[in-house]
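**Q** My questions all concern the structure below.
The values are calculated or read from the model by the stated rules, or taken from the named source; none is laboratory data. Bear in mind the structure is a predicted one, so any value in this text is a computation, not a measurement. Heads up, the Cβs are rebuilt from the backbone with ideal geometry, glycines too, and the neighbour counts pull from every protein chain shown.
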Amino acid sequence: MKKTRLAPINLLLYMIALIGFAPFSFAQTNTTTPAAEKSMEVKRIALVDIEGVLRAADANNRVRELLDGQRAKFQEEFRAIEVDLQQSERDLLAKRELVAKDEYDKLVTEFQARVSSVQKEIQYKRQSIDNAYQKALSDIRRLAMEVITKIASEREIDLILKRDASVIFLPHLNISDEVLTRLNERTKNARIEVEIKKPVAQ
């Protein structure tokens, strides 16, 4: 016996019959009061490119310059250490046939320990610079959010969205330039320091 296939419209009617008046019932159970709806109304909206503001901020540029200076200083230090290690390795190889095997093995072990210590210090200082930058950036972001909050209060803005959350918008809704200007003004006299601590001896 050939099975009967329901036409799309019949299938739709069949599904509606199964669920009954669920949509109507849902509408009846909506308990949102007019007052509650009004309290969630959004009348004024603004957009801000927070990542762009942070990249362009004067404070961010000063932090980068400071950390670049630290990197250059460390590179000079480790370049001198590298030259010294290379000379120590040559001296060690020259002693290979001149000292007892046990003594030579001891010298090799000491040299390897020194190399390992230098490698750890390089890694630590690189990580310390990265951590210092992330902390400084976090502080600048916090200040930027305070500036945004103040602008929202002054202009009675109900909602501020990230710039990349919107595809189309009116230019006057973008407050990024104002946020950047105020952030730069707020941080122009800020003292920025980056502390790079030496690794704790194990």
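**Q** Which of the residues spanning segment 73-99 are outside any helix (DSSP H, G or I) and either closer than 30 Å to Ile175 by Cα or not β-branched (Val, Ile, Thr) (or both)?
**A** Lys95, Arg96, Glu97, Leu98
**Q** Checking the structure you have, find out if any residue of segment 65-72 is of a type outside the set (Val, Ile, Thr), over 20 Å from the mean Cα position of the chain (by Cα), assigned to a helix (DSSP H, G or I) and farther than 23 Å from Asn189 by Cβ.
**A** yes
**Q** Same structure, new question: Please verify whether segment 158-171 includes one or more residues that are under 30 Å from Asp84 (Cα atoms) and either basic (Lys, Arg) or surrounded by 15 or more Cβ atoms within 10 Å (Cβ to Cβ) (or both).
**A** Scanning segment 158-171, I find no residue that is under 30 Å from Asp84 (Cα atoms) and either basic (Lys, Arg) or surrounded by 15 or more Cβ atoms within 10 Å (Cβ to Cβ) (or both), so the answer is no.
Residues checked against (1) part of a loop (DSSP other than H, G, I, E, B); (2) within 22 Å of the chain's Cα centre (by Cα); (3) at pLDDT 80 or above:
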| residue | (1), (2), (3) |
| --- | --- |
| Ile160 | no, yes, no |
| Phe169 | yes, no, no |
| Leu180 | no, yes, yes |
| Arg191 | yes, no, no |
| Val194 | yes, yes, no |
| Lys198 | yes, no, no |
| Gln202 | yes, no, no |
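**Q** If only one of Val118, Val108 is surrounded by 12 or more Cβ atoms within 10 Å (Cβ to Cβ), without any contact (Cβ under 8 Å) to a residue 24 or more places away in the chain, assigned to a helix (DSSP H, G or I) and out of contact with any Lys or Arg (no Cβ under 6 Å at 6 or more places or on another chain), which one is it?
**A** After ruling out the rest, the residue left standing is Val108.
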